[in-house]
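The values are calculated or read from the model by the stated rules, or taken from the named source; none is laboratory data. Predicted model, so just to flag it, every value in this text is computed and none were measured. In this analysis, Cβ positions are derived from the backbone assuming ideal geometry, glycine residues included, and neighbour counts consider all displayed protein chains. Only protein heavy atoms, including side chains, enter the accessible area calculation; ligands, DNA and RNA are left aside. Shrake-Rupley method; radii C 1.70, N 1.55, O 1.52, S 1.80 Å.
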Amino acid sequence: MNWTPRPATLDDVPVLEALVALSVRVLQAPYYSAAQRAAAMGPVFGVDRLLISDGTYFVVEDAGVVIGCGGWSRRKSLFGADTARAAEDAMLDPATDSARVRAFFIHPDWARRGIGKAILTACESAIIAAGFLNAELVATLAGEPLYLVCGYSEIERYEVPLSGDLTLPAVRMTKRLAP
């Protein structure tokens, strides 16, 4: 299928919030406990309206129904919903910083059909057009295979601290996009 991402709008937020919750509940279940997934909602998993306002967040639809989303950012945050951010999200410098690939969520019924790759391709094109040479991301264990297949390399594995003495294993990854 030839998926064509479109820019998300603030009107999409309620649908995106439901999609994020469903995607996390189902697709992250083989990798993280129910307690980890619940504690990560907001601090790690969630909608960042700033990405939408910046025009760097995309959705893919099938027959008018949003089935996937993801984006990139020219801001410092690597992950998390806007409701979990306490401070201003500073802008990055394309000459010295890596753009951020952020917040990919796919409807479980549509997983492994190329939607994530289509969104990632749109993100990488926009990142290059914005003057960035590199992209960086924090992958969940469920998302790591997609990013590896798309040419991203592991920088480090680490644990994202969560409430209740929980942590979420994650993989920081990078990719050179432009010569």
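Here are the numbers:
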| quantity | calculated |
| --- | --- |
| Value of Rg to Rh for the range 37-179 (Rh from inverse mean 1/r over Cα pairs, i.e. Kirkwood) | 0.94 |
| Per residue value of the accessible surface for the chain (all protein chains in place, 1.4 Å probe), Å² | 47 |
| Where Leu137, Leu50 fall by accessible area, highest first, once all protein chains stay in place (1.4 Å) | Leu50, Leu137 |
| Amide proton proximity set for His107, modelled H, under 5 Å, gap of 5+ | Gly68 |
| Hydrodynamic radius by Kirkwood, which averages 1/r over all alpha carbon pairs of the range 1-103, in angstrom | 14.4 |
| GluC sites (Glu not before Pro) lying in DSSP loop within the range 13-120, provided at most 12 other Cβ fall within 10 Å | Glu88 |
| Relative contact order (%) - the range 65-165, alpha-carbon pairs under 8 angstrom, separation at least six | 30 |
| Accessible-area ranking of Arg100, Arg74, largest first, probe 1.4 Å | Arg74, Arg100 |
